[in-house]
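The values are calculated or read from the model by the stated rules, or taken from the named source; none is laboratory data. Note that the coordinates shown come from a computational prediction; the quantities given were computed from them, not determined experimentally. Cβ sites come from the backbone with ideal geometry, for glycine too, and all protein chains shown count toward neighbours.
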Amino acid sequence: MTAKHLLKMSDLTQADIMEILALADQMKFNQQHNLSHRALEGKTLGMIFTKASTRTRVSFETGMFQLGGHAINLTPADAQFGRGEPIEDTAGVLSRYVNGVMIRTFAQKDVEDFARYGSVPVINGLTDDEHPCQILADLMTVREHLATLAGLTVCWVGDGNNVCGSLIVGALTCGMKIRVACPEGYDPRPDVLERVRNNPGFTLLRDPREAAEGANAVFTDVFASMGQEDDAPKRLADLAGYQVNMELLSLCAKNVVVQHCLPAHRGEEITAEAFAAHAKEIYDEAENRLHAQKAVMALLMGERD
């Protein structure tokens, strides 16, 4: 793996992604067959949360335990950075104690500054701009169900948020085509659009039906994420026509895979019927956060050639 950190999807080459997914597949096989893979024996991961999460904390903490290491959960309530300590000081000191740091926070700059001032690998567990760990799990899941990635057509329906932006980069890097359907005012970030402006594999649409036509995989996310609660009524109204439902899925390929990073608000971005019909893939996706992140941690924090 060429990257020293995982801060954003664009840090990874296609070869990096394939290496991560291959190791994640092996780690999942090992777990299913009670085989140990203790690549991080005696090592410690510091986990910094300024945004709460169920799946991120449990998957990283469990993953470190299964790899033979230990994880320390740090929140603003019990750490100095929550009381105004500069990032460069926190990064410099934590780098003396731990072998890697996972950060789940708001500003992408905070994650990048931590990597700049620290001396250990940094993993982005989510920011307002990026969610690379989620996309690695998504790519792993799609490949499990459809046996390949290159040449597939995937679509995103809904808000062009952080998950959408990371998916665009990850899908195109893996040789997939991606169509994004969102209303005006909810487009992916300008820097993402500029990055893919001349890529023939990317299409931005307003009609979700057009985006879903023949798609091999459909992705969605909540219409109002953490921190957007005050805007929720407007967002729900604006995005009401961008729901994943059985009618939309009938336009896709017959073996379409549905992905939702959870938590899901049934009746908003996805209907209860559509969720139930594709719950297997969605729960596989959630499980694969564990395996993909174990692979990332092992490659970044383990012994490197």
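Would you point out the residue of the range 242-252, among those that are out of contact with any Asp or Glu (no Cβ under 9 Å at 6 or more places or on another chain) and without any contact (Cβ under 8 Å) to a residue 60 or more places away in the chain, that is farthest from Val142 (Cα to Cα)? Break it down into steps so the answer makes sense when it comes.
Within the range 242-252, the first condition is being out of contact with any Asp or Glu (no Cβ under 9 Å at 6 or more places or on another chain), and the residues that meet it are 247-250.
Next, from what is left, pick out any that are without any contact (Cβ under 8 Å) to a residue 60 or more places away in the chain: 247, 249-250.
Details: Glu247: 21, Leu249: 16, Ser250: 18 Å.
Here the answer is Glu247.
Going residue by residue through the range 270-288, is there one that turns out to be buried (at least 19 other Cβ atoms within 10 Å of the Cβ) and closer than 14 Å to Ile20 by Cβ?
Yes, that holds for at least one residue.
In the list Arg209, Arg116, Arg179, which residue meets the criterion of being closer than 21 Å to Met297 by Cα, of a type in the set (D, E, K, R) and without any contact (Cβ under 8 Å) to a residue 60 or more places away in the chain?
Working: Arg209 fails: closer than 21 Å to Met297 by Cα; Arg179 fails: closer than 21 Å to Met297 by Cα.
So the residue among Arg209, Arg116, Arg179 that is closer than 21 Å to Met297 by Cα, of a type in the set (D, E, K, R) and without any contact (Cβ under 8 Å) to a residue 60 or more places away in the chain is Arg116.
For the range 48-69, indicate whether the set of residues that are in a strand (DSSP E or B), touching an Asp or Glu at 6+ places or on another chain (Cβ under 7 Å) and within 19 Å of Lys294 (Cβ to Cβ) is non-empty. Even if it seems obvious, please write down each step before you answer.
So the first thing to find is which residues in the range 48-69 are in a strand (DSSP E or B), and the list is 48-49.
Retained after the next criterion (residues that are touching an Asp or Glu at 6+ places or on another chain (Cβ under 7 Å)): none.
Within the range 48-69, none of the residues are in a strand (DSSP E or B), touching an Asp or Glu at 6+ places or on another chain (Cβ under 7 Å) and within 19 Å of Lys294 (Cβ to Cβ).
In the range 81-101, which residue that is polar (S, T, N, Q) and in a helix (DSSP H, G or I) is nearest to Met301 (Cα to Cα)?
Within the range 81-101, the match that is nearest to Met301 (Cα to Cα) is Ser95.
Taking the options Leu7, Leu35, name whichever one is buried (at least 19 other Cβ atoms within 10 Å of the Cβ) and among the aliphatic types (A, V, I, L, M). Quick ask: steps written out before the conclusion?
Working: Leu35 fails: buried (at least 19 other Cβ atoms within 10 Å of the Cβ).
After ruling out the rest, the residue left standing is Leu7.
List every residue pair whose Cβ atoms sit under 8 Å apart, with the two residues 6 or more apart in sequence or on different chains, where the first one lies in the range 46-67 and is in contact (Cβ under 8 Å) with a residue 40 or more places away in the chain and the second, anywhere, is part of a loop (DSSP other than H, G, I, E, B) and of a type in the set (Phe, Trp, Tyr).
Thr50/Phe106; Lys51/Phe106
For the range 41-84, what are the residues that are more than 19 Å from Gln31 (Cβ to Cβ), among the aromatic types (Phe, Trp, Tyr) and within 22 Å of the chain's Cα centre (by Cα)?
Correct list: Phe49 only.
Determine whether Ser59 is at pLDDT 95 or above, polar (S, T, N, Q) and either closer than 23 Å to Ser119 by Cα or not assigned by TED's automatic domain parsing to the domain that holds Tyr117 (or both). Steps first, answer last, please.
Details: at pLDDT 95 or above: yes; polar (S, T, N, Q): yes; either closer than 23 Å to Ser119 by Cα or not assigned by TED's automatic domain parsing to the domain that holds Tyr117 (or both): no.
No: the conditions fail for Ser59.
Can you name the residue in the range 244-259 that is within 16 Å of Glu144 (Cβ to Cβ) and of a type in the set (Val, Ile, Thr) and is also nearest to the chain's Cα centre (by Cα) among such residues?
Val258
Across the range 19-38, what is the number of residues that are part of a helix (DSSP H, G or I) and either without any contact (Cβ under 8 Å) to a residue 40 or more places away in the chain or over 16 Å from the mean Cα position of the chain (by Cα) (or both)? Quick ask: steps written out before the conclusion?
Taking the range 19-38 and keeping what is part of a helix (DSSP H, G or I), we get 19-32.
Of the ones still in play, those that are also either without any contact (Cβ under 8 Å) to a residue 40 or more places away in the chain or over 16 Å from the mean Cα position of the chain (by Cα) (or both) are 19, 22-23, 25-32.
Selection size over the range 19-38: 11.
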